[in-house]
Amino acid sequence: MKRLPLVPTLVVGIAIAIMIGLGIWQLQRMAWKEALLAEYRTAVDRPPVAWPVVPDASALPLYRRSSVHCLEVAGWRSSSGRSASGASGWVHIASCRTGAEGPGAQVVAGWSQRPDNPAWSGGPVSGIIAPDSNALIRLVAAPPVAGLQPVQKPSPEDIPNNHWAYAVQWFLFAGIAAVIYGLAVARRTRSPMSA
């Protein structure tokens, strides 16, 4: 009977241990994400917060009510989105100058059926803080600015919590690697020794 190959066994063993570790890490992240989502679900019921001049990525006040004074709209971007009634169309996001140091504010001014920039040039806005892919956070105006309709209300339910699926995936990878390596070693030990 041939001996178990040391280096390949060590490499496969380390790879399997890493995959199991990644699965455990995803389970830990799942618990963290569930706690975070529970906090976000209660955020809208808490008192309003001041608009963060420079958002802290590790402690974003998501789904809290807030307000900002848009001194001037520096630019617009539009993306596909839904109105509060569920209709498809365009969500209009204003890049606002606020007069404070920092990046200013991204304001979801409202929804319309066309991608054309709204005529709004700024002013006081209140609403709910939501995640933003470009600037960490944005203020979803409620009510919307003049001439636009309300957008679909931001919800923590839109944040995926798929860490369980990732954990299962890593555990499956580890199991498959162990089975494949076991079959390879079994085949090697059964094959006749070459002369």
Considering only the stretch 119-168, state which residues are among the polar types (S, T, N, Q) and out of contact with any strand residue (DSSP E or B) (no Cβ under 6 Å at 6 or more places or on another chain). Ser133, Asn134, Ser155, Asn161, Asn162
Single unsatisfied condition, Ala174 versus (1) of a type outside the set (Phe, Trp, Tyr); (2) within 24 Å of Val49 (Cβ to Cβ); (3) modelled with pLDDT of 95 or more: (2)
Mind listing whichever residues of the stretch 97-116 are of a type outside the set (D, E, K, R), without any contact (Cβ under 8 Å) to a residue 40 or more places away in the chain and more than 17 Å from Pro143 (Cα to Cα)? Gly99, Gly104, Gln113, Pro115
Selection over the stretch 134-160 where residues are of a type in the set (D, E, K, R) and modelled with pLDDT of 90 or more yields a count of 1
Subset of the stretch 3-59 (residues that are in contact with a helix residue (DSSP H, G or I) (Cβ under 7 Å, 6 or more places away or on another chain), over 20 Å from Asp158 (Cα atoms) and open to solvent by 60 Å² or more (accessible area, probe 1.4 Å)): Leu4, Ile20
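The values are calculated or read from the model by the stated rules, or taken from the named source; none is laboratory data. Since the structure is predicted, the reported quantities are computational estimates derived from the model, not experimental observations. Here the Cβ is made from the backbone with ideal geometry for all residues, glycine too, and neighbour counts use every protein chain on show. For the accessible areas, the whole protein counts, side chains as well, though only heavy atoms, and no ligand, DNA or RNA atoms are used. Shrake-Rupley method; radii C 1.70, N 1.55, O 1.52, S 1.80 Å.
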